[in-house]
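Single-structure report; data block below.
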Amino acid sequence: MELSLFFQILLLLPHLIMALGSRDPESTSMAAADQLSLDYYARTCQNFEAIVDRKIKYWVSRDYTLAASLIRLHFHDCAVRGCDGSILLNHWGSERRAKASETLRGFEVIDDIKAEVEKKCPKTVFCADILTAAARDATVKIGGPFWENKYGRKDGRMSLAKEVDLVPAGHENVTYLIEFFQSRGLSLLDLVVLSGSHTIGRCTCDAIQQRLYNFNGTGKPDPSIDARYLNFLRRKCQWATEVVELDATTPTTFDSMYYKNLEKKMGLLLTDQLLYSDSRTSPVVKALATQPMLFHQQFALSMVNLANSPVLTGNEGEMRTNCNFVNP
């Protein structure tokens, strides 16, 4: 076992080095992230994190699926214009109104937190920070790791539906995924680790219909799907509007089973399964499948990387008093 672990760490080393080297400290996004602070609200809103924690506990205790939804909402926010709360803007032509955003959930949770924060600390806390904190606390509430968040990321004033089309939707190849993440200042390691958030959550059956029945126009299912899993999915997804768990084994537990499922050809989305078959990402998948603590530790680090790339600080952005609309 010791020897096996040694080789797994050796396999991970190139990706760990890439993760460290992918963030240029002279870049604009890193310069902005350097202006964030752990004690940003220490004097102006000391109870900010306590409010978020209490509200997340309330909502997730009533609907555990909201935890995965909040993590996904945070990713979709950061993936377009950076972590600026632009996904929360609710107007015609915004990211939130895009077709690809129709299955996003958790907006009411952010609104609830914002309302409470405004009562305690008026015109002080950014919506982008609320979403960042909510994603962290949602992860913790379902058994995931805790990490310290830096705050001070301002709210963006622009949100365009057409830009959502660039966000991976589950059918892209690994090259696209790697390039997309790198364009956001994230590494290949971040890609594989953050994909592990699919250890919880659900997906609409519409997203996998082609894999089940007409893969690449062949009229046949995707041959990379395990036969028994394929039969299960076909029974589960008789209607495109149905939902199916991203992790068929432990769907309500934050663990590394997602990676073990990939080894068994039980990745729900094409992008999931390709992480195991692609030579650039498979070594990381295999290491994380056998080292649960490694996944937890790296997930925390990758979520910090996600939340910091890129952000608005200084004279950029604003502090929205209502997360749904820019200030008048």
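The values are calculated or read from the model by the stated rules, or taken from the named source; none is laboratory data. No experiment lies behind these values; they were computed from the predicted model shown. Neighbour counts run over all protein chains shown; Cβ positions are idealised from the backbone, glycine included. What goes into the accessible areas is simple: the full protein's heavy atoms, side chains included, and nothing from ligands, DNA or RNA. Shrake-Rupley method; radii C 1.70, N 1.55, O 1.52, S 1.80 Å.
Accessible area of region 172-277 with a 1.4 Å probe: how many percent of it is carbon plus sulfur?
With neighbouring chains kept in place, the figure for region 172-277 is 50 percent.
Output wanted: per-residue J couplings in Hz (rounded whole) for region 183-200, from phi through Karplus 6.51 cos²θ - 1.76 cosθ + 1.60, θ = phi - 60°, x for Gly and Pro.
So the Karplus estimates, Gly and Pro as x, are 5, 9, x, 10, 9, 4, 4, 4, 4, 5, 5, 5, 4, x, 5, 6, 5, 10 Hz.
Mind listing the lone cysteines of the chain, meaning no other Cys beta-carbon sits under 4.7 Å from theirs?
When partners are defined as cysteine Cβ atoms under 4.7 Å apart, the chain leaves C203 without one.
Add +1 for every Lys or Arg and -1 for every Asp or Glu among the other residues with Cβ under 13 Å from the Cβ of K265, and state the total.
Residues near K265 contribute 0 overall.
Mind checking the full-extension length gain between T218 and E102? Use 0.36 nm per residue of separation minus the Cα-Cα distance, one decimal, nm.
Contour length minus the Cα-Cα distance gives 38.9 nm.
With the other protein chains left in place, how much accessible area per residue, in square angstrom, belongs to region 219-263 at a 1.4 angstrom probe?
So region 219-263 comes to 54 Å² accessible per residue, rounded to a whole number.
For the chain, what does -39500 (n - 2.57) per DSSP helix run (n ≥ 4), summed and divided by total residues, give at 222 nm, in deg cm²/dmol to the nearest 500?
Using -39500 (n - 2.57) per qualifying helix, the result is -15000 deg cm²/dmol.
Less than 24 Å apart at the alpha-carbon level, and either on another chain or at least 8 residues along: which lysines does that give for K265?
K220, K236, K286
I'd like the Karplus ³J(HN,Hα) series for region 77-85: coefficients 6.51, -1.76, 1.60, θ = phi - 60°, whole numbers in Hz, and an x wherever there's a Gly or Pro.
5, 5, 6, 9, 10, x, 7, 10, x
Within straight cross-link reach of K162, meaning Cα distance under 24 Å, which lysines are found once same-chain residues fewer than 8 apart are removed?
Correct list for K162: K99, K154.
Roughly how compact is the chain, stated as its Cα Rg over 2.2 N^0.38 Å to two decimals?
Dividing the Cα radius of gyration by 2.2 N^0.38 Å gives 0.99.
Multiply the residue separation of L301 and A50 by 0.36 nm, subtract the distance between their alpha-carbon atoms, and state the gained length in nm to one decimal.
88.2 nm is the gain from fully extending L301 to A50.
Can you compute the modelled spin-label distance between T313 and T124, with each label point 7 Å from Cα toward Cβ, in nm?
Once both label points are built, they end up 2.1 nm from each other.
Can you compute the modelled spin-label distance between T241 and Y64, with each label point 7 Å from Cα toward Cβ, in nm?
Result for the modelled spin labels: 2.7 nm.
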